[in-house]
1. So what's the gap between the Cα centers of the range A:202-237 and the range B:241-275, to the nearest angstrom?
2. Among B:215, B:266, B:233, whose Cα projects farthest towards the positive end of the dipole of the range B:211-323, with charges put on the beta-carbon of Lys, Arg (+1) and Asp, Glu (-1)?
3. Just grab the label-to-label distance for residue A:295 and residue B:39, each label 7 Å out from Cα along the Cβ direction, in nm (one decimal).
4. Placing unit charges on C-beta atoms (Lys and Arg positive, Asp and Glu negative, everything else neutral), compute the dipole magnitude of chain A about its Cα centre in debye, rounded to 20.
5. With each run of n ≥ 4 DSSP H residues scored as -39500 (n - 2.57), what mean residue ellipticity at 222 nm is computed for the protein assembly as shown after dividing by its residue count and rounding to the nearest 500 deg cm²/dmol?
6. What relative contact order, as a whole-number percentage, does the range A:79-238 give when Cα pairs under 8 Å and 6 or more residues apart are counted?
7. Run the dipole for the range A:243-285 about the Cα centre, Lys and Arg Cβ at +1, Asp and Glu Cβ at -1, nothing else charged, and hand back the magnitude in debye, nearest 20.
8. So, how do all the Cα-to-Cα distances of the protein assembly as shown break down into 10 Å bins, in percent, from 0 on up?
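The values are calculated or read from the model by the stated rules, or taken from the named source; none is laboratory data. Here the structure is a predicted model, which is why all the values come from computation and not from measurement. Reconstructed Cβ throughout: ideal geometry from the backbone, glycine too, with neighbour counts over all protein chains shown. Calculation scope for accessible area: heavy atoms of the full protein, side chains included, ligands and nucleic acids excluded. Shrake-Rupley method; radii C 1.70, N 1.55, O 1.52, S 1.80 Å.
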Protein chains: 2
Amino acid sequence: MQTEGIDARRAVEELKELADLTGGPDGARRVAWTGQWAKAREWLRRKLDEIDCEIETDEAGNLWATAPGDSESAVVLGGHIDSVPNGGWLDGALNVIGALEVFRVLAPQQRPVTLRLVDWADEEGARFGRSLFGSSAAAGTLKPDDVRDFKDKDGIALPDALREHGVELDRMNEANGQLRNAAAYLELHIEQGPVLERMDLPLGVVLGTFGVERHAVRFAGQQAHSGSTPMDARKDAFVAAARSATEFRDDAARRDDVRATTGFVNVSPGIVTAFNGWCEMSLDQRALNAEELADMLRTARETSERVAGEEGVSVEWERLWQIEPIPFDEDLIELAEEAVNEVAGKSHRLPSGPLHDAAEMARLMPTVMLFVKSLRGLSHTKEEDTPEEDLELSVQALHRLAVRTMDWVAKGA
Amino acid sequence: MQTEGIDARRAVEELKELADLTGGPDGARRVAWTGQWAKAREWLRRKLDEIDCEIETDEAGNLWATAPGDSESAVVLGGHIDSVPNGGWLDGALNVIGALEVFRVLAPQQRPVTLRLVDWADEEGARFGRSLFGSSAAAGTLKPDDVRDFKDKDGIALPDALREHGVELDRMNEANGQLRNAAAYLELHIEQGPVLERMDLPLGVVLGTFGVERHAVRFAGQQAHSGSTPMDARKDAFVAAARSATEFRDDAARRDDVRATTGFVNVSPGIVTAFNGWCEMSLDQRALNAEELADMLRTARETSERVAGEEGVSVEWERLWQIEPIPFDEDLIELAEEAVNEVAGKSHRLPSGPLHDAAEMARLMPTVMLFVKSLRGLSHTKEEDTPEEDLELSVQALHRLAVRTMDWVAKGA
């Protein structure tokens, strides 16, 4: 077992160094396809330059470092250095810098398989609205025509912004070549939720990413005056929405580890002197089991239709987005659990609510993720934080998982 | 009984004439303190010029016509010719033009008491946001300092707009002098609700105007990611608001002829990928009985606090506005019912949900209102309508009520 040389403290110091360089009192500002992002990547590249490895940027803008091993089969450690505006110091950056430390230690060693580090381009989608950009371009699930017409809030077209960073939209799927010999994918990330903190555990092993069903639910009744219209003569679209939203939540709360969230809520006319003739709201449902997700959606539709009938309004659903549940590899989940148990004494298996680049990789190769505790479940804000001792444990666990995975790949190869 | 000479058809034709002059395909455009409003009033003044009466505009911009009788004690017929933007052809105008027809017929006749017509200035408050402007200025319940700093959406100050129409803000309360000999106040209005239509009745007698308790109710929890936060770890402000709004409605529905309305609803962050840490909504409660209104408010507060506790969020209430219930005069309600029964065969007593200038007058003198059916309960829109035969009945009923009320005042004087 090659555990010598890992310096988890150095990873924490490098996280702070990056935060000093591209963060500040208003949070991280490493939005992909901007100068601050390029600055962060130059910093990363300087760190990689000190390691004996091959460095390249692929056709989708993903940055790769490769330390060849006895076999071309590669274990890939992934993360993303980009952030949301006013983001936290850990979301994405921990994966990259944790992987950097593991790569730094393992690259000079004799290894049965190749080890690679990837910094995915634009995981957050903060500027153009398409998350998992680089990883899905490499995986082939994102096509140029899907995003060709996207513009940022200043009207700048996505292809023009990419070109400034050396990426030609129509060639981005050629990044798929990078995955030719990839045999396993590992990613460390902050949990972005409260589960580990509530269990007082530093680390957990991720079972997979939730499937998502995301809809706009629109109720239409007839607005009228708040004073002149008796209660039993109303077709109040907001009341129908409010009752439905409550039932959506209650249904999810009765199930095991699923989610149902009302996000945006818009009413019309939205004034004090009338009840609302129109209300739309979003419903975002998530589950790790595809059948359960389908059942949640079916139940919610039926609920909304029953409530709409009782309130004398109509209801329509529009799908905004969906993705199937993506379970991680069972063997790698076992290895990850061993690694976590070794460094933290105890582990916990949990699903990932947010999507990650790992979801794109899991379509193509055995994949697993490690989660480290988030304080108060916060992320995508400068308040995002994790105790430094837990960050150190997470880098140690990633190291042990990487070593185990290389052995596992070598045995299978 | 002086019923000869009333020409209800003429009133309907004059309503159409006014609509042609100051309305059109986008609805009425007689917003107070604008050129279209002044144009409507010139039209009214020309109609009054054909009647033997005294015409004057008071210090608050209210237009008065007076036909003296044997006594200075006066029965006042009131309405407002101003409208909301894109308003209907009847809201306000029916009162003025119905009263004009009654005044036209009764003015030349020998009468025991004085008869007056008033066109109140700015009942709607559409430009500056203060409704019942002219009537409350005359009643003394509106003080110059309450509105001195009001501006319209173009930034024009209320005192400047008034001055263009000959009104000095600091003198507007002198309009109170007009009410010195006023002994009774009568007002005809469209119902603006669905009650009479649902009962298939053309006319009703108004018991008074609802008291109103209007609050902003604000729930504060903690927003977090829709995927990463388990259902039992959420402090979802919108769910707390939705549950409360449903209970507010249900409580009102269990009571007799009261109202509870959620109007504006704002959430934060209001995005698909997070549940809401903050939600504010308006609650507008109305009842004709002050004790019941107080009980409704108390119940709603308790409900919101219980729900907030269950959802792990906090709740705060801010009063936006309140007005006590204003019951109309019991004798005049009797007379109004007789008048309605005579012209329509059947009457119905109902509260007024919306406020009217009559509420300001009822603080000072015996007051009653007649309602005529609204189709589909619509008002403040160009779709506002009432069958013409019902409009004719309403003018006939106002005439009979005016005659009865003059006799009633004469007997009491």
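1. Each part's Cα centre sits 11 Å from the other's.
2. In the range B:211-323, that residue is B:266.
3. 6.6
4. On the way: 46 positive and 75 negative charges, 151 e Å.
The calculation lands at about 720 debye.
5. Details: 24 runs with 305 residues, N = 826.
Helices in the protein assembly as shown give a 222 nm mean residue ellipticity of -11500 deg cm²/dmol.
6. Details: 146 pairs, mean separation 27.3, N = 160.
RCO, the range A:79-238: 17 percent.
7. Working: 5 positive and 7 negative charges, 22 e Å.
That gives a dipole near 100 debye.
8. Per 10 Å bin, starting at zero, the Cα-Cα P(r) for the protein assembly as shown comes out as 3, 12, 18, 17, 12, 11, 10, 8, 6, 3, 1, 0 percent.
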